[in-house]
């Protein structure tokens, strides 16, 4: 059996996650689709009282392509949508809980993403031809259904485990020429200390910001011009210091949010201090919990004196680690200033969420440090000064937990990855069994245009209807 088949069309369940994004793409795509007269909309599938529209398939495909994926055939997309509808039906029967708070949070996240993509709330509304309120209401039900379907899937596969014997059997069925090839991967941790600037340098940053505030309020300079010239925030500097923010977003510093939402339109805040440095904020416009602001960030510069003090402290910590008098995780919890360390025990995460990183996922300072240090697994680097992605200077030591050489997948080096795939296959087989016992209990209709889709035969071929 080929690998793709071994995963029981597992793509279908990943694809379900894309359906909600696809619904939001309707905000953008529906306008152009209407202009191009792509298809006349009609119902192409029904499971119970849940329907699938022809336009939903086209929009889902557009969304997959927009996210960098390959266009899928309509049979695959319709199959995924029918699966979701069946799961939703069962979730309703089993009373799978989905709260309005969860739905509202996901709607907010999606809409904010599109606002950022298109520059502003106004631009999004213009392109979509809908108000933000209308968007929220139109997509409440799709998001609720997606969450219910996922909750039902989780209930079906809850408690399924995998044994080492099953992992070995799964691995041995994979054709040797289909085994993954892995580039070198590293498990890396770090302990970071951000030196504190001297009080004199902090006062200098405060004075600079107060001068910028005076210049803007007197009309001699524009806020966005000063932000472009002097802000230390790389994320907004090229946009004149502008951000779109929401009072409920957790990623913003709470001091920053509180100061921003105290302002009236056009007003500039006094100098405030956050974990990033010192700021002044200008309120551009506000609508309830949403606002457009500009800010100028000044990060007080760290001198060699402060850096050397941090190096001495980290060198002492390193000696404790090397001697075994303290464990790495304990040292991270006790000493590290890295705000993400408490969630990862100091280990760095890859783009896929694992702690196995490829070289191109490391910052350039770390790559240079690894080459210079020539670390082996289990060793610690000397304390080294670096600059993080926010432009903030720090000192860190690197812990190389493991490093793999480029290799073809095998059970010795890649057991956890193989086991995860084997577990997913086992879960998907359980889902297959579940569907086989449930499909006959649903009313099913599939449009005749899809009668030649082999993957839809399990939905009972006799339920195909004539195409209009």
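The values are calculated or read from the model by the stated rules, or taken from the named source; none is laboratory data. Worth saying up front: this structure is predicted, and the values here are computed from it rather than measured. Note that we place each Cβ from the backbone using ideal geometry, even for glycine, and neighbour counts take in every protein chain shown.
Summary table below
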quantity	calculated
Failed item in (1) buried (at least 16 other Cβ atoms within 10 Å of the Cβ); (2) not in a loop (DSSP other than H, G, I, E, B), with residue 165 passing the rest	(1)
Where a residue in the stretch 197-222 is assigned to a helix (DSSP H, G or I) and its partner, wherever it lies, is surrounded by fewer than 17 Cβ atoms within 10 Å (Cβ to Cβ), with Cβ under 8 Å and at least six apart	201/301; 201/303; 208/230; 212/221; 212/230; 213/270; 215/221; 216/222
Pairs with Cβ under 6 Å, 6+ apart, first in the stretch 158-181 and touching a residue at least 24 places away in the same chain (Cβ under 8 Å), second outside any helix (DSSP H, G or I)	179/408; 179/409; 180/409; 181/408
Some residue of the stretch 408-430 being modelled with pLDDT of 85 or more, out of contact with any strand residue (DSSP E or B) (no Cβ under 7 Å at 6 or more places or on another chain) and over 22 Å from residue 179 (Cα atoms)	yes
Meets criteria (without any contact (Cβ under 8 Å) to a residue 40 or more places away in the chain and either surrounded by 21 or more Cβ atoms within 10 Å (Cβ to Cβ) or in a helix (DSSP H, G or I) (or both)) for residue 65	yes
Top-ranked residue of the stretch 329-359 - restricted to ones that are outside any loop (DSSP other than H, G, I, E, B) and buried (at least 17 other Cβ atoms within 10 Å of the Cβ), ranked as modelled with the lowest pLDDT	341
Total residues in the stretch 264-276, condition under 26 Å from the mean Cα position of the chain (by Cα) and touching a residue at least 24 places away in the same chain (Cβ under 8 Å)	2
Candidates 44, 52, 98, filtered to the one that is outside any helix (DSSP H, G or I), under 23 Å from the mean Cα position of the chain (by Cα), at pLDDT 85 or above and assigned by TED's automatic domain parsing to the domain that holds residue 445	98
Scope the stretch 360-386; condition surrounded by 16 or more Cβ atoms within 10 Å (Cβ to Cβ) and either outside the structural domain of residue 318 (by TED's automatic domain parsing) or in contact with a helix residue (DSSP H, G or I) (Cβ under 8 Å, 6 or more places away or on another chain) (or both); matching residues	362, 380, 381, 383, 384, 385, 386
Residues satisfying the stated conditions in the stretch 277-295, i.e. more than 27 Å from the chain's Cα centre (by Cα) and in contact (Cβ under 8 Å) with a residue 60 or more places away in the chain	278, 279, 280, 282
Residue check, residue 115 surrounded by 14 or more Cβ atoms within 10 Å (Cβ to Cβ), over 30 Å from residue 438 (Cα atoms) and modelled with pLDDT under 80	yes
Residue among 422, 331 that alone is in the same structural domain as residue 160 (by TED's automatic domain parsing) and either in contact with a helix residue (DSSP H, G or I) (Cβ under 9 Å, 6 or more places away or on another chain) or touching a residue at least 60 places away in the same chain (Cβ under 8 Å) (or both)	422
Check on residue 192, more than 23 Å from the chain's Cα centre (by Cα), assigned by TED's automatic domain parsing to the domain that holds residue 360 and either surrounded by fewer than 19 Cβ atoms within 10 Å (Cβ to Cβ) or assigned to a strand (DSSP E or B) (or both)	yes
Members of the stretch 110-130 found to be part of a helix (DSSP H, G or I) and under 13 Å from residue 244 (Cβ atoms), listed by number	111, 112, 113, 114, 115, 116, 117, 118, 121, 122, 123, 124
